[in-house]
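First the structure, in the form of structure tokens, and then the observations on it.
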Amino acid sequence: MGSHRLQKLSLSDIKIEGYSVAGEETAIGLPELNVCFDVGKAPDSLLAVDNLFISHTHMDHVANLAYYCSQRDFREMAPGTVLLHESKCGMVEELLDFWGRFDGSRPPANIIGLTAGREYEIRRNLIAFAFDTNHTPDSLGYTIIDRRQKLKEEYLELEGQEIAKLRKEGKDITYTLNVPLVTYLGDTMSGDFQLLPCVKQSKILITECTFFEEDHHDRANAGKHFHIDHLVKWLPELECEHILLTHLSRRTHIGEAKKIINQRLAPEVASKVVFMMDRFNGHAKNE
Ligand SMILES: [Zn+2]
Ligand SMILES: [Zn+2]
């Protein structure tokens, strides 16, 4: 039995399971890509994911970072890889050192520092690209990119032997095709990342939308979160197939939020929007 009431859905043939409520907890896993974004309370079923991408270090996104590392050890899995802004790596080491003293056994982890513009190879043909978001100092967003070498058009008709010969001669017969699969923004308000082609073209965009009500603009600005008014302007510009809204505040009922989306966005944009909250509040047709 799982430890969480995770919402499970499948978008663009990618399975997603997660939980996301503002201030409470955010953890979103894509097990087939071996990727987990943030780890509020480390759901049981996401412990097996090897690559944990941390957007920022607010408690509702990293509360169980140490638990994730220690449970993997307890279950005899290889140490997890924790990726976050390089300015925070030292603090994660200190956190694990602290647990080492407190618990008696230091949770093992492979900690990797990233900065905006850097890439990390998750596995062959699967890359994570980091970029700055606008929430806390050094908060990061990530795009997971399917990267393949494709044969240039002029060589498509050739037989295998001829291709091998050209390769041997050192001919540059391929080009790189980048397909942005999933972008995760963590917590953020408007920022330069909104212009990045990999974000705008991602098949799936996972973006927070914490606030929906007119009198919540001050809260959104103070906490550096998106308000629906910001997203209403941006979402129509995106080429994404699906837009997964996370981090909704419990101040707004999800039924009300869905109504606002349908009122404020054109039907072709509104139909791309799915909410992630928990199993009981998620998009019914995906349960
Ligand atoms: Zn948060
Ligand atoms: Zn936050």
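The values are calculated or read from the model by the stated rules, or taken from the named source; none is laboratory data. Quick caveat, the model's predicted, so the values are computed rather than measured. Ideal geometry is used to build each Cβ from the backbone, glycine not excepted, and the neighbour counts take in all protein chains shown.
Of all residues in the stretch 182-221, how many are of a type in the set (S, T, Y) and in a strand (DSSP E or B)? First the steps, then the outcome.
Quick first cut of the stretch 182-221, residues of a type in the set (S, T, Y) only: 183-184, 188, 190, 202, 207, 210.
From what is left, the residues that are in a strand (DSSP E or B) are 183-184, 207.
Within the stretch 182-221, residues that are of a type in the set (S, T, Y) and in a strand (DSSP E or B) number 3.
Looking only at the stretch 88-118, which residues are without any contact (Cβ under 8 Å) to a residue 40 or more places away in the chain, in a helix (DSSP H, G or I) and closer than 22 Å to V49 by Cα?
Step one: list which residues in the stretch 88-118 are without any contact (Cβ under 8 Å) to a residue 40 or more places away in the chain, which gives 89-106, 108, 110-118.
Checking the rest, the ones that are also in a helix (DSSP H, G or I) come to 89-103.
Of everything in the stretch 88-118, those that are without any contact (Cβ under 8 Å) to a residue 40 or more places away in the chain, in a helix (DSSP H, G or I) and closer than 22 Å to V49 by Cα turn out to be C89, V92, E93, L95, L96, W99.
Within the stretch 187-215, how many residues are buried (at least 23 other Cβ atoms within 10 Å of the Cβ) and either out of contact with any strand residue (DSSP E or B) (no Cβ under 6 Å at 6 or more places or on another chain) or free of Cβ contacts under 8 Å to residues at least 24 places away in the same chain (or both)? The total comes to 4. Check the stretch 24-41 and report whether any residue there is modelled with pLDDT under 95 and more than 16 Å from ligand 1 (Cβ to nearest atom). No, that holds for no residue. Checked against the criterion of being of a type in the set (A, V, I, L, M, F, W, C), over 15 Å from the mean Cα position of the chain (by Cα) and within 21 Å of K224 (Cβ to Cβ), the candidates A78, A63 yield just one match: A63.
The residues of the stretch 119-133 that are assigned to a strand (DSSP E or B) and either modelled with pLDDT under 95 or farther than 18 Å from L30 by Cα (or both), listed by number, are E119, F131, D132. Screening K88 with (1) of a type in the set (D, E, K, R); (2) more than 28 Å from F280 (Cβ to Cβ); (3) away from ligand 1 (no atom under 16 Å from the Cβ) gives one miss only, at (3). Selection of first residues in the stretch 258-287 that are among the acidic types (D, E) and of second residues that are at pLDDT below 95, restricted to Cβ pairs under 6 Å at least 6 apart or on distinct chains, gives the following pairs, ordered by first then second residue: D278/R5; D278/Q7; D278/Y19.
When the stretch 189-215 is examined, which residues are found to be within 28 Å of A128 (Cβ to Cβ) and within 15 Å of ligand 1 (Cβ to nearest atom)? Break it down stepwise before answering.
Keep residues of the stretch 189-215 that are within 28 Å of A128 (Cβ to Cβ), which gives 189-210.
Answer for the stretch 189-215, where residues must be within 28 Å of A128 (Cβ to Cβ) and within 15 Å of ligand 1 (Cβ to nearest atom): M189, I206, T207, E208, C209, T210.
For D146, the stated conditions do not hold, so it cannot be described as surrounded by 13 or more Cβ atoms within 10 Å (Cβ to Cβ), in contact with a helix residue (DSSP H, G or I) (Cβ under 8 Å, 6 or more places away or on another chain) and either of a type outside the set (G, A, S) or over 25 Å from C89 (Cβ atoms) (or both). Candidates L95, L140: the one that is closer than 22 Å to A42 by Cα and in contact with a Ser or Thr (Cβ under 8 Å, 6 or more places away or on another chain) is L140.
Of all residues in the stretch 216-230, those that are closer than 15 Å to I206 by Cα and away from ligand 1 (no atom under 15 Å from the Cβ) have Cβ atoms under 8 Å from Cβ atoms of residues that are of a type in the set (V, I, T) and part of a helix (DSSP H, G or I), 6 or more apart or on another chain, in I228/I260; I228/I261.
The single condition among (1) surrounded by 12 or more Cβ atoms within 10 Å (Cβ to Cβ); (2) within 16 Å of ligand 2 (Cβ to nearest atom) that L126 does not meet is (2). When the strands (runs of 3 or more DSSP E) confined to the stretch 1-87 are screened for residues that are within 16 Å of ligand 2 (Cβ to nearest atom), those reaching at least 3 such residues are found at 14-21, 25-30.
Do the conditions hold for G18, that is, is it crowded, with 19+ Cβ neighbours inside 10 Å, without any contact (Cβ under 8 Å) to a residue 40 or more places away in the chain and closer than 19 Å to C209 by Cα? Judged against the criteria, G18 is not a match.
Within the stretch 213-251, count every residue that is aromatic (F, W, Y) and either more than 22 Å from L11 (Cβ to Cβ) or out of contact with any His (no Cβ under 9 Å at 6 or more places or on another chain) (or both). Before the answer, list the steps.
So in the stretch 213-251, the residues aromatic (F, W, Y) come out as 226, 234.
Restricting the remaining residues to those that are either more than 22 Å from L11 (Cβ to Cβ) or out of contact with any His (no Cβ under 9 Å at 6 or more places or on another chain) (or both) gives 234.
Here the count works out to 1.
Of the listed requirements (1) more than 16 Å from ligand 1 (Cβ to nearest atom); (2) within 19 Å of M77 (Cβ to Cβ); (3) more than 15 Å from the chain's Cα centre (by Cα), V49 misses just one: (3).
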